[in-house]
Amino acid sequence: MTNETPHFLFLFSDTGGGHRSAVDAIIEAMQLEYPDGFSAEKVDFFKQYAPPPLNFAPELYPMMSKNPTLWGMNYHLSDGKRQVALAMRAATPYYYIAVRKMLNEHPSDIVVSVHPLMNVPVRQVVHRRKLPFATVITDMVSIHTFWFDAKADLILVPTEQARQRGLELGIDPKIMQVCGLPVANKFCQNTRAKEVVRQELGWPADRLTLVLVGGGEGMGPLEATAAAIDNAELPVSLVIITGRNQKLKERLETRCWKIPHFIYGFVQNMPELMAAADVLITKAGPGTISEAFITGLPVILYNRQPGQEEGNVLYVLSEGAGSWAPEPAMVVSVLKNWIHHPDRLIEATEASRSLARPEAARQIARSLMGLVKAK
Ligand code: UDP
């Protein structure tokens with residue numbers, strides 16, 4: 001491959017929606033920064049190349065994450081340098097043929113991983129081919145040891161807390177950069193008034209508008225939370241995005257609703273839906289939270305995955321950008337508080353906006369290009 005217009009291979013997987021959104025945002029930023037100066041492709045490594053049972057990871061993820069206790073136990077027991085070294089030693093021969101096949105079929109000038117679970121084995125083969133290997137971390141604050149490969153050429157992290165975690169794990173500070181989490185350019189572009197966007201979407205223009213979303217898979221007690229808001233008959237419009245959870249969408253559509261409501265499955269226009277909202281109610285997914293910051297939306301976190309999303313809750317709370325409400329009744333009481341004290345809603349909105357990193361994707365694009373050009 002030639003380094004004049006370098007070819008980028010991005011590795012991700014559809015475990016949730018965040019990894020895909022992050023890769024898309026980086027490729028989009030590269031197109032903006034280097035319109036004719038690169039080419040790129042993305043590969044869902046688990047689905048397309050990993051041997052069984054890892055190739056079922058995208059299907060297994062929603063099932064496994066339905067059991068938070070088991071998920072949390074797995075996460076914490078495997079989180080540590082010794083455990084990860086052992087797991088990687090066991091997994092590397094198992095991955096080896098798959099990684100070689102993938103690199104043969106997708107030759108590139110650089111490999112960028114946007115997923116925690118494949119970094120060491122992929123980097124080993126990539127380095128044997130004398131190519132650079134970079135990781136873009138898409139968890140926000142609680143970063144599993146799996147993400148950090150001390151021999152990567154570059155590790156791009158979203159927050160200072162993530163960098164500190166890398167330092168604790170012995171990562172050389174010279175290979176880490178704090179860039180923020182990559183978010184699609186459309187989230188950064190909206191300048192239209194909420195009321196105008198609402199009218200276009202067919203939502204009431206003059207009601208406080210809540211968007212309720214549970215990541216790409218519609219996770220957590222989304223249905224109970226929606227029902228509690230409806231039963232409270234708050235003066236709001238409720239927009240529910242069920243993601244890939246089609247059954248949940250069908251159940252919600254049969255409910256007799258008391259308040260104006262709009263139910264969507266997996267949407268492609270999240271920037272527009274957020275731009276029309278006043279409040280985001282979400283599980284603590286890092287992608288969705290970062291998008292909310294850029295849109296300037298206060299967040300009510302109704303659920304979090306144990307392990308990787310625990311730190312996101314603390315981050316939002318410590319910065320005053322929203323509330324933690326793990327019971328549907330708590331979500332309702334936060335909403336009532338904000339409805340009765342609009343000044344508190346404004347404060348949380350401003351705190352959320354102050355955490356925005358709209359430059360993140362472009363900064364990542366520049367760092368990756370810098371790496372490939374330097375090699
Ligand atoms: N998302 C989307 N359409 C949907 C639901 C979610 O585009 O219908 C996007 C959302 O905007 C975000 C990502 O999916 O970019 C979810 O990422 P997050 O890290 O919040 O959670 P995950 O699904 O990875 O657990």
Determine whether the stretch 131-151 contains at least one residue that is closer than 21 Å to E309 by Cβ, part of a helix (DSSP H, G or I) and out of contact with any strand residue (DSSP E or B) (no Cβ under 9 Å at 6 or more places or on another chain).
yes
Go through (1) outside any loop (DSSP other than H, G, I, E, B); (2) more than 16 Å from the ligand (Cβ to nearest atom) and name the single condition T225 misses.
(2)
Tell me the residue from L32, L11 that is in contact (Cβ under 8 Å) with a residue 40 or more places away in the chain, away from the ligand (no atom under 16 Å from the Cβ) and of a type outside the set (F, W, Y), please.
L32
In the stretch 137-161, residue nearest to the ligand (Cβ to nearest atom) [restricted to those that are in contact (Cβ under 8 Å) with a residue 40 or more places away in the chain and over 14 Å from the mean Cα position of the chain (by Cα)]
H144
Residues of the stretch 67-92 being touching a residue at least 40 places away in the same chain (Cβ under 8 Å) and part of a loop (DSSP other than H, G, I, E, B), which ones?
D79, G80
Taking the stretch 146-204 as the region of interest, how many residues are over 26 Å from I110 (Cβ atoms) and polar (S, T, N, Q)?
6
Of all the residues that make up the stretch 304-321, how many are closer than 21 Å to T349 by Cβ and in contact (Cβ under 8 Å) with a residue 40 or more places away in the chain?
3
Total residues in the stretch 9-60, condition among the aliphatic types (A, V, I, L, M) and in a strand (DSSP E or B)
4
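I need a count of the residues in the stretch 213-238 that are within 17 Å of R255 (Cβ to Cβ) and over 16 Å from the mean Cα position of the chain (by Cα).
The number of residues fulfilling the criteria is 17.
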What number of residues within the stretch 181-216 are within 14 Å of the ligand (Cβ to nearest atom), among the small types (G, A, S) and either surrounded by fewer than 23 Cβ atoms within 10 Å (Cβ to Cβ) or modelled with pLDDT of 95 or more (or both)?
1
When only residues in the stretch 39-84 that are closer than 22 Å to I97 by Cα and loosely packed, with under 13 Cβ neighbours inside 10 Å count, which is nearest to the chain's Cα centre (by Cα)?
E41
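Rundown of residues vs (1) touching a Lys or Arg at 6+ places or on another chain (Cβ under 6 Å); (2) part of a loop (DSSP other than H, G, I, E, B); (3) touching a residue at least 24 places away in the same chain (Cβ under 8 Å), yes/no style:
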site	(1), (2), (3)
G166	no, no, no
P182	no, yes, yes
T191	no, yes, no
R198	no, no, yes
W203	no, yes, yes
Inspect all residues belonging to the stretch 280-303 and state whether any of them is near the ligand (Cβ under 8 Å from one of its atoms), more than 21 Å from D24 (Cβ to Cβ) and touching a residue at least 60 places away in the same chain (Cβ under 8 Å).
no
Please state which of the following conditions A277 fails to meet, knowing it meets all the rest: (1) touching a Gly at 6+ places or on another chain (Cβ under 7 Å); (2) within 13 Å of the ligand (Cβ to nearest atom); (3) outside any helix (DSSP H, G or I).
(1)
Collect the residues in the stretch 305-342 that are assigned to a helix (DSSP H, G or I), touching a Ser or Thr at 6+ places or on another chain (Cβ under 8 Å) and of a type in the set (D, E, K, R), keeping them in residue-number order.
E310
Identity of the residue in the stretch 249-270, away from the ligand (no atom under 12 Å from the Cβ), assigned to a helix (DSSP H, G or I) and in contact (Cβ under 8 Å) with a residue 24 or more places away in the chain, that ends up surrounded by the fewest Cβ atoms within 10 Å (Cβ to Cβ):
R251
Could you go through the stretch 234-248 and let me know if any residue there is away from the ligand (no atom under 16 Å from the Cβ), touching a Lys or Arg at 6+ places or on another chain (Cβ under 8 Å) and in a helix (DSSP H, G or I).
no
When you go through A365, A292, A329 one by one, which is the residue that is farther than 22 Å from G243 by Cα and surrounded by 24 or more Cβ atoms within 10 Å (Cβ to Cβ)?
A365
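The values are calculated or read from the model by the stated rules, or taken from the named source; none is laboratory data. Because the structure is predicted, anything quoted here is derived from the model rather than measured. Neighbour counts are summed over all protein chains in view; Cβ atoms, including those assigned to glycine, are modelled from backbone coordinates with ideal geometry.
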